[in-house]
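The block underneath contains the structure these notes are about, expressed in structure tokens.
Throughout, read-outs are computed from the coordinates displayed, never taken from laboratory work. Worth saying up front: this structure is predicted, and the values here are computed from it rather than measured. Using ideal geometry, Cβ is built from the backbone for each residue, glycine included, and neighbour counts are taken over all protein chains shown.
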Amino acid sequence: MKLSIRQKLVFYSYAVITPILLLISILLLAHNYRSAVKSEEDRCIQNVRNISDSISVVQKNIMEMGTYISINDEIKKILTSDEPEELNRDARLWKNHAPLQIIQDMVAIDGQIKSVAIYPENGINPYLNCIDRSSSYLGDIGQVREQAIYALAVQEKGKFLWQRVGRYQNDTYQVNQNDKIVMYREIYDMARKNKLGYLVIGSTAEIFDEICENSLSSRQESVVVMSEYGAELVRCGTIEDELLSSMVTGKETQKADRGRVQKSTWGVYNIYQCQDEETGTIVYEIARRVGWKDMSDTVIFAPLALLIGFLFGLYPVLLVVSDLVSKPLYTLRVAMEKFMRGDFSQKVDVMTQDEVGEASACFNRMVDDIRELIDKNYVLAIRERESELDTLQAQINPHFLYNTLDSLYWKATESDNDEIAEDILSLSQLFRLVLNRGDGIVTVQTEADLLERYLHIQKMRFGKRLSYEISLERDILEEEIPKLILQPFVENAIVHGFESAGGSYSLSVTGIREERNMVFRITDTGVGMSEEQLEAIWDKEDNRKYASQRIGRYAIRNVRERLELIYHENYELHIESRVGCGTTVTIVVPCGLKEIRQNEYQATDCG
């Protein structure tokens, strides 16, 4: 059977690509499985570490209270007293001789502690306090001494022991209506030889249970928390008794690596455990090991779906590839037709190095040559004439203005009218500063000179009614700032703060350095503004109209946009005003504008 070129291309492509895709899918399958197993293991390790840290925080709060009670001098005086009978006659013994208020405050702040008991070994009546009122301690220390946990506390000589006391258990409490995690500790003297008292602090088990329950992400996980001595504190999830027994018997071998998460296996389960360095509490997380069936969606189906989808999607791609030879010729023909109709911007992308590509490149060179010829003969000549005209006009207008003001200045000088001459000179210098500097960035000194000339002219208008002061620190005069960011606010203060009212007013412009920033303040004693007027300044809809009324060409919005353009978010612009009390404008910009601009140019060049 004779095959066409398109059919041969499709057949040979499938024959080569299919084995490659199959190999890639197998490798992707193995990689996904290893990644899934590693991700699950990392999640479990982080989870068991988080549980251990959270429980440790709760236990350390209780231990801090236990340490305070054990070392408190007033409590030690009671525990070491040689006159227990005399002290027992005082019904308010613990309130009168111990810092109970501090202990009660610590309990109230902590919130999780529900009971505190201190059993003196010298025969003094114990201190028993159950905050939740659903429990009550054993009152007889003789009964307390019969408990196994008491014997262990005496043996460990001052270590903190932990045990879960379930509801209705009567080994620690006479009555207990709620599950508790209880801390036990025998109080010794400084030499750890003489027993002074037995401390029992009960905390609600609910917070421990919540920490563990919130950590479970599936029903196949479970969490067990045990004390250093094998007492089970929390159990969440379903766990086999045989596995739990194995964990308890094997815990002694894990004490050497406190603070680290260790992994072991038991049947189809992975066991992650972490023992806290300070409390000794051990957290176990039991998770079923990840299998192929568990990862079927992400590990198996995804690569197979990718393989099948790619094979099906390859067919139309191969059909499109066969058209790649004819499409460049069609594109070249369309470009030539547009060029014949006068569109000299036509260019054809050269995608190949074959004959079609060479023809496209030749067409592009022809278009460039013809366009260059047209530009030289017509467009370039017109642009040169326009440029000459613009340059001449730009030179005439400022020079005409300066020459006219100079003529007026010399006429006033010859007429011995020094005051008018000085005013004309200030106006001329103001125009030179504003119009004859092409750069939008000036020094603080230049901006100050501009303000001085402007206020001098305004002084001519208002006379003694206007007084002003410009005070700028010397070490900021050479710093650079955007041109005309202070003058618009000065003009606004005079035009709307002074013109519309009578009386005398003053205006001050100050500039100081604060660390790496420059702080400028324009303060006037004019008529001020109401809150509605202040809000209208920043209102986007009313801003253009309001700003044009206030400061004309250099509107507040214009100043703020220029500050944002140059400093981005590293600037501040605040306006404070009260009707009848004047207005204060504060502008804060960083120093070193030249370095900021250089860094932006470098970043732009690198981009």
Would you mind ranking 245, 70, 35 by Cβ crowding within 10 Å, fewest neighbours first? 245, 35, 70
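As a quick test, which of the pairs 38/60; 193/263; 38/180; 76/159; 77/159; 60/157 have an alpha carbon distance above 29 angstrom in this structure? Spell out each step's value before the answer.
Values: 38/60 33 Å; 193/263 40 Å; 38/180 37 Å; 76/159 18 Å; 77/159 21 Å; 60/157 19 Å.
Cα-Cα > 29 Å for 38/60; 193/263; 38/180; rest within.
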Going by how many other beta carbons lie within 10 Å of each one, how would you line up 162, 266, 94, fewest first? 266, 94, 162
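Residue separation times 0.36 nm, minus the C-alpha to C-alpha distance between residue 193 and residue 441: what's the value? Numbers along the way, then the final one.
Values: separation 248, 0.36 × 248 = 89.28 nm, distance 8.07 nm.
Stretched fully, the residue 193-residue 441 segment lengthens by 81.2 nm.
May I ask you to compute the full-extension gain from residue 265 to residue 129, defined as 0.36 nm times their residue separation minus their alpha-carbon distance, rounded to one decimal in nm?
Details: separation 136, 0.36 × 136 = 48.96 nm, distance 4.47 nm.
Stretched fully, the residue 265-residue 129 segment lengthens by 44.5 nm.
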Percent relative contact order of the range 72-208, based on C-alpha pairs within less than 8 angstrom and at least six residues apart? 24
Find how much the distance from residue 338 to residue 506 grows on full extension, using 0.36 nm per residue of separation minus their present alpha carbon separation; answer in nm with one decimal. 53.5 nm
Which stretch or stretches of the range 266-288 have amide N atoms under 20 Å from the point lying 7 Å from residue 43's Cα along the Cα→Cβ direction? 266, 268-274, 284-288
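Using the 10 angstrom Cβ neighbour count as an exposure proxy, how do 145, 521 rank, fewest first?
Values: 145 13, 521 19.
Listed from fewest to most nearby Cβ atoms, that is 145, 521.
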Relative contact order (percent) for the range 111-150, with alpha-carbon contacts under 8 angstrom and 6 or more residues of separation? 28
Reported to two decimal places, what Rg/Rh ratio describes the range 72-208 when computed on Cα atoms with Rh from the Kirkwood expression? 0.94
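Please sort by residue number the trypsin sites (Lys or Arg not before Pro) in the range 435-493 whose DSSP state is loop and whose Cβ has at most 15 other Cβ atoms within 10 Å.
Numbers: sites: 437, 453, 459, 461, 464, 465, 474, 483; in loops: 437, 483.
The qualifying sites are 437.
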Zone of residue 91 (label point 7 Å along Cα→Cβ, backbone N under 18 Å): which residues in the range 114-140? 125-129
Simple SL model, points at 7 angstrom along Cα→Cβ for residue 594 and residue 147; separation in nm is 7.8
